[in-house]
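A.B. asks: What follows is a structure written as structure tokens; I'll ask about it next.
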Amino acid sequence: MKVFHGNILSVDKSDSVYKYLVENDGRIAFVGNELPEKYKTDKITELGNKALIPSFVDTHIHFASFATFHAGLNVMEARSNKEILEMLKKYASSAKEKLLITFGASPYSVEEGRLVNREELDSVCPDKPVFMVKYDGHACVVNTALLNKVKSKVENLRGYHADTGEMNQEAFFAISDYVTNSIPIFDLVKNMQKAADFMASKGIGMIHTVSGVGFTGDLDVDLERWCGRGFESGMQLRVFMQTLNVKNAVKRKLPRIGGCFACALDGCFGSVDAALNEPYENSDNAGVLYYSDEKVTEFCKEANRAGLQIEMHAIGDKAFDQATRALKAALDDFPRNDHRHAIIHDCLPTQEGIEICAKYGIAMPVQTAFINWRQEPDEYLEKILGADRCARLNPIKTFMDKGIIVGAGSDAPCTSPDPIIWMHKACNHSVKEQAIDIKRALRMCTYNGYWLTFDEKERGSLEEGKIADMVILSANPYEVATNEIKNIKVEKLYLQGKEYKGDEKSALSHILKGMKNKKAKI
């Protein structure tokens with residue numbers, strides 16, 4: 001039993017703030033302002049100026065990919081390609097892996113103003129294959145050693161550029177498939193365990209992962225399911241299968257389908273292939289819409305009739321419109337009162353699409369980490385989109401004012417899972433009219449995330465009877481200046497009432513436990 005006294009931010013319907021919370025046997029036994037007599041002899045944890053809140057949720061992460069890149073070389077903070085090459089050279093000299101996986105290269109955050117290229121990668125690592133993924137997760141650069149291994153698989157695909165080594169679109173996806181299949185299974189599970197520990201350090205108690213990125217037989221989907229069921233720490237995993245084949249999700253008895261990759265309707269701004277209703281500035285290019293309206297609508301109708309929850313990636317306004325039309329058609333075809341379908345990212349929505357989402361109850365797991373993003377700065381976005389479209393980016397206040405449920409996620413490995421930063425950016429939006437208050441931001445990162453996967457009855461707010469998944473913050477966010485939110489620290493995570501401790505068992509034991517544990521929700 002634990003008793004907490006101080007700032008208890010419940011995130012209930014009224015955003016009530018209480019003085020006391022009592023945890024007993026993994027659940028919240030009491031929350032209120034006057035501690036009942038029967039608890040007064042128990043040891044009390046004094047919060048002082050700190051705050052107790054519900055645990056956070058990452059509503060959109062490529063968990064297997066994040067785990068892989070988190071264990072590899074991250075060059076996201078490099079200020080130049082020269083620095084990236086120095087980091088790679090040092091990494092290659094000590095890495096035991098036969099294939100080097102690196103992440104985070106950006107042409108917009110380095111002084112050269114361009115991506116590192118194949119010749120430069122060869123200059124520091126000529127022998128081992130190098131797979132350097134661009135910061136947006138939609139492109140990569142390969143060295144000659146890797147190109148020689150995959151050339152026959154990708155040379156006739158869209159997005160193949162042997163001269164620079166940059167691979168986009170279908171060529172990138174094909175190389176990703178090759179790389180993911182080269183990772184030893186138990187190494188991947190160990191990396192998942194470490195990735196979960198990292199996310200726990202950020203106060204995250206639930207992970208919404210999108211799976212299905214090229215493993216033979218969709219093995220990554222099964223591994224993530226087993227990994228989630230094998231956690232002893234209390235960490236929760238909810239799996240969305242990235243496929244347009246509804247039968248693949250149904251046969252695994254998954255209640256959800258969607259994500260990016262196979263369920264991405266367009267590309268992204270970083271690769272200038274997000275699908276737009278009007279071309280990019282000073283260009284005839286309007287991006288890439290991966291599927292026809294007919295195909296997307298057919299998928300949504302089938303998945304909706306199967307009772308699945310649907311999520312799809314849409315960055316540009318043309319893709320957003322396609323997603324809203326398809327989901328509307330599916331719900332008109334087979335109405336469901338509590339479907340919780342969602343569109344991921346929603347970076348450049350249209351007014352018409354927003355109205356459809358509000359009317360049909362379509363939710364939005366967004367990435368506020370994209371606001372004022374160093375890897376994709378506002379100057380770059382204005383250059384390719386123009387000032388008018390930039391002013392329409394990430395309108396989270398508009399979504400909320402329309403009554404749309406908005407969750408927050410990292411899209412990791414694209415950005416690091418860090419809910420404090422998500423809240424900070426939401427409250428300090430670069431478009432001032434779209435900034436929200438801290439109460440809305442906290443709800444977005446906690447309760448709404450649990451709601452998105454039908455978990456709000458058990459988790460997501462500090463209310464009597466709910467599971468005690470809680471975080472102690474270094475300061476009360478309700479009392480911190482808006483521009484100082486980013487300085488708040490996560491001090492402790494409790495899952496099911498217990499202070500978080502990572503899983504120390506072997507990868508094999510973890511998976512075997514997960515395979516046997518059929519009752520755990522995934």
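Readers should treat all values here as calculations from the given coordinates under stated rules, not as data from a laboratory. Quick caveat, the model's predicted, so the values are computed rather than measured. Neighbour counts run over all protein chains shown; Cβ positions are idealised from the backbone, glycine included.
A.B. asks: Where in segment 346-370 does the amide nitrogen come within less than 14 Å of the point 7 Å from the Cα of R336, taken along Cα to Cβ?
C.D. replies: Label zone hits: 361-363.
A.B. asks: Could you go through segment 98-113 in sequence order and give the Karplus-derived ³J(HN,Hα) for each residue, using 6.51 cos²θ - 1.76 cosθ + 1.60 with θ = phi - 60°, rounded to whole Hz, and x for Gly and Pro?
C.D. replies: With the stated coefficients, segment 98-113 comes to 7, 10, 8, 10, 10, 8, x, 5, 9, x, 9, 10, 10, 5, 6, x Hz.
A.B. asks: Based on alpha-carbon centroids, what's the gap between segment 191-231 and segment 260-308 in Å, whole number please?
C.D. replies: Using only Cα atoms, the two centres lie 26 Å from each other.
A.B. asks: Rounded to the nearest 10 degrees, what's the angle between the helix 507-516 long axis and the longest principal axis of the chain, both from Cα atoms, 0 to 90?
C.D. replies: Taking the Cα atoms of the chain, the angle to 507-516 is about 70 degrees.
A.B. asks: On to the next question. Out of (1) 253; (2) 146; (3) 156, which label holds the value of volume of the Cα convex hull per residue in Å³ that was computed here?
C.D. replies: Only one listed value fits the structure, namely (2).
A.B. asks: Whole-Hz Karplus ³J(HN,Hα) for segment 24-33, in order, using 6.51 cos²θ - 1.76 cosθ + 1.60 and θ = phi - 60°, x for Gly and Pro?
C.D. replies: My calculation for segment 24-33 gives 9, 6, x, 10, 7, 8, 7, 9, x, 9 Hz in order.
A.B. asks: Right, another one. Nearest-5 percent of antiparallel DSSP beta bridges in the chain?
C.D. replies: 45 percent
A.B. asks: Using the crude model of +1 on Lys and Arg Cβ and -1 on Asp and Glu Cβ, and no other charge, please compute the dipole size for segment 1-101 relative to its Cα centre, in debye to 20.
C.D. replies: My answer is approximately 400 debye.
A.B. asks: Report the paramagnetic label zone for K501: residues of segment 463-477 whose backbone N is under 20 Å from a point 7 Å from Cα along the Cα-to-Cβ axis.
C.D. replies: 468-472
A.B. asks: Residues with beta-carbon under 13 Å from that of E34, excluding E34: net charge, scoring Lys, Arg +1 and Asp, Glu -1?
C.D. replies: Charge balance in the 13 Å sphere: +2.
A.B. asks: Something else: When Lys and Arg each count +1 and Asp and Glu each count -1, what net charge do the other residues less than 10 Å away from T350, Cβ to Cβ, add up to?
C.D. replies: -2
A.B. asks: Quick query: amide H of Y290 versus all other amide H atoms, modeled in the peptide plane; which residues come in under 5 Å with a sequence gap of 5 or more or a different chain?
C.D. replies: Those lying under 5 Å, H to H, from Y290 are D266.
A.B. asks: Show me the GluC sites (Glu not before Pro) within segment 273-371 that DSSP assigns to loop and that have at most 15 other Cβ atoms within 10 Å of their Cβ.
C.D. replies: Here the sparse-neighbourhood loop sites are E281.
A.B. asks: In sequence order, what are the phi-derived ³J(HN,Hα) couplings for segment 363-379 according to the Karplus relation 6.51 cos²θ - 1.76 cosθ + 1.60 with θ = phi - 60°, rounded to whole Hz, with x for glycine and proline?
C.D. replies: Per residue, the Karplus-derived 3J(HN,Hα) values read 8, 9, x, 9, 10, 5, 4, 6, 6, 6, 7, 4, 6, 9, x, 4, 4 Hz.
A.B. asks: Under 5 Å between amide H atoms, partner at least 5 residues away or on a different chain: which partners does N285 have, H built in plane at 1.01 Å?
C.D. replies: Y280
A.B. asks: Counting other C-beta atoms within 10 Å, and keeping those with at most 12, which DSSP coil GluC sites (Glu not before Pro) do you find in segment 1-82?
C.D. replies: Taking segment 1-82 and a limit of 12 other Cβ atoms within 10 Å, the loop GluC sites (Glu not before Pro) found are E34, E77.
A.B. asks: Multiply the residue gap between A387 and N148 by 0.36 nm, knock off their C-alpha separation, and tell me the result in nm, one decimal place.
C.D. replies: 81.8 nm
A.B. asks: Below 11 angstrom from the Cβ of Y280, what's the summed charge of the other residues (Lys, Arg +1; Asp, Glu -1)?
C.D. replies: After counting each charged neighbour, the total is -2.
A.B. asks: Using a 10 Å cut-off around each Cβ, can you sort Y39, Y18 from fewest to most neighbouring Cβ atoms?
C.D. replies: The most exposed by this proxy come first: Y39, Y18.
A.B. asks: Continuing with the same structure: Cut-off is 10 Å between beta-carbons; in what order do S10, S93 appear when sorted fewest neighbours first?
C.D. replies: Least to most surrounded, the residues fall as S93, S10.
A.B. asks: Continuing with this model, one more query. Given a cut-off of 28 Å, name the pairs among K13/K301; K13/K489; K82/K202; K251/K397; K190/K498 whose C-alpha atoms lie farther apart than that in the structure shown.
C.D. replies: In this structure, K13/K301; K82/K202; K251/K397 exceed 28 Å between Cα atoms.
A.B. asks: Then there is this: Enumerate by residue number the trypsin sites (Lys or Arg not before Pro) in segment 1-110 meeting two conditions: DSSP loop (anything except H, G, I, E, B), and at most 13 other Cβ atoms within 10 Å of the site's Cβ.
C.D. replies: Listed in order of number, the matching sites are K13, K40, K43, R79, K96, K98.
A.B. asks: Still on this structure, please answer the following. Considering amide H positions built from the backbone, and no H for Pro or chain starts, which residues 5 or more places from D12, or on another chain, come under 5 Å of its amide H?
C.D. replies: When sequence neighbours closer than 5 places are left aside, the close amide H contacts are L462.
A.B. asks: With no solvent and one equal point scatterer per Cα, compute the Debye intensity ratio I(q)/I(0) for segment 204-326 at 0.15, 0.16, 0.17, 0.20 Å⁻¹ and report its log10, rounded to two decimals.
C.D. replies: Log10 of I(q)/I(0), two decimals: -0.73, -0.80, -0.87, -1.06.
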